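Written out below as structure tokens is the structure these notes cover.
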Amino acid sequence: MQLVVGRIGRPHGLRGEVTVEVRTDDPERRFAAGETIATDPASAGPLVVASRRWHSGILLVRFEGVDDRDRAEGLRGTTLVIDSADILPSDDPDEFYDHQLIGLTVITPDGERVGEVSDVLHHGQDLLVIRRSGGAAGKTGEVYVPFVKALVPEIDLENGTLLVDAPAGLLDPDQAV
């Protein structure tokens with residue numbers, strides 16, 4: 001499975017640097033000089049990082065062989081990806097990567113199947129996007145659950161389940177009190 005670690009934006013300057021929209025929690029490692037990064041579309045790479053620096057909160061990267069603005073412009077919009085197998089497991093048992101959560105079956109403490117985790121959003125507060133499967137009430141659509149221990153007390157990667165202990169109305173807005 002490929003994971004997105006960044007997206008190349010506009011060129012910066014005349015010597016081939018590009019802005020990178022960072023989508024990894026470890027940009028210092030992922031964009032270190034000498035790192036090889038796969039691309040989507042694959043025809044744009046792989047790319048080898050020649051240098052990287054931060055400028056006004058924006059990551060600027062220069063790739064080997066990209067030495068001018070025109071070549072940098074040709075990379076605009078390219079997605080930078082890594083293989084999920086290349087990610088080291090965390091030492092913290094309560095820390096999970098997005099790709100580990102996506103696809104898990106969401107259940108309630110009563111054992112009712114709610115749906116499946118379809119995405120993880122990072123907007124200050126991490127949110128699980130749960131695609132409801134219908135369940136007993138026949139409800140479909142998406143719901144958003146804050147990814148906090150109080151609401152998500154148990155994650156069982158081995159069995160592919162995620163327990164959500166939600167207050168009334170969170171998983172089914174029609175039942176809000």
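A few notes on this one:
- Residue among 121, 80 that alone is modelled with pLDDT of 75 or more, surrounded by 14 or more Cβ atoms within 10 Å (Cβ to Cβ), under 25 Å from the mean Cα position of the chain (by Cα) and of a type outside the set (D, E, K, R): 80
- Residues located in region 1-16, provided they are aliphatic (A, V, I, L, M), buried (at least 17 other Cβ atoms within 10 Å of the Cβ) and under 19 Å from residue 71 (Cα atoms): 8
- Output for region 102-116, where each listed residue is of a type outside the set (Val, Ile, Thr), part of a loop (DSSP other than H, G, I, E, B) and under 29 Å from residue 3 (Cα atoms): 103, 104
- Restricting region 17-67 to residues that are among the hydroxyl-bearing types (Ser, Thr, Tyr) and in a strand (DSSP E or B), the residue that is surrounded by the fewest Cβ atoms within 10 Å (Cβ to Cβ): 36
- Figure legend. Inter-residue proximity from region 135-149: first residues farther than 11 Å from residue 114 by Cβ and of a type in the set (Lys, Arg), second residues surrounded by 15 or more Cβ atoms within 10 Å (Cβ to Cβ) and modelled with pLDDT of 55 or more, beta-carbon distance below 6 Å, spacing 6+ or different chains. No pairs are indicated.
- Qualifying residue in region 23-38 (condition: out of contact with any strand residue (DSSP E or B) (no Cβ under 6 Å at 6 or more places or on another chain) and at pLDDT 90 or above): yes
The values are calculated or read from the model by the stated rules, or taken from the named source; none is laboratory data. Note that the coordinates shown come from a computational prediction; the quantities given were computed from them, not determined experimentally. Glycine also receives a Cβ, built like all others from the backbone with ideal geometry; neighbour counts cover every protein chain displayed.
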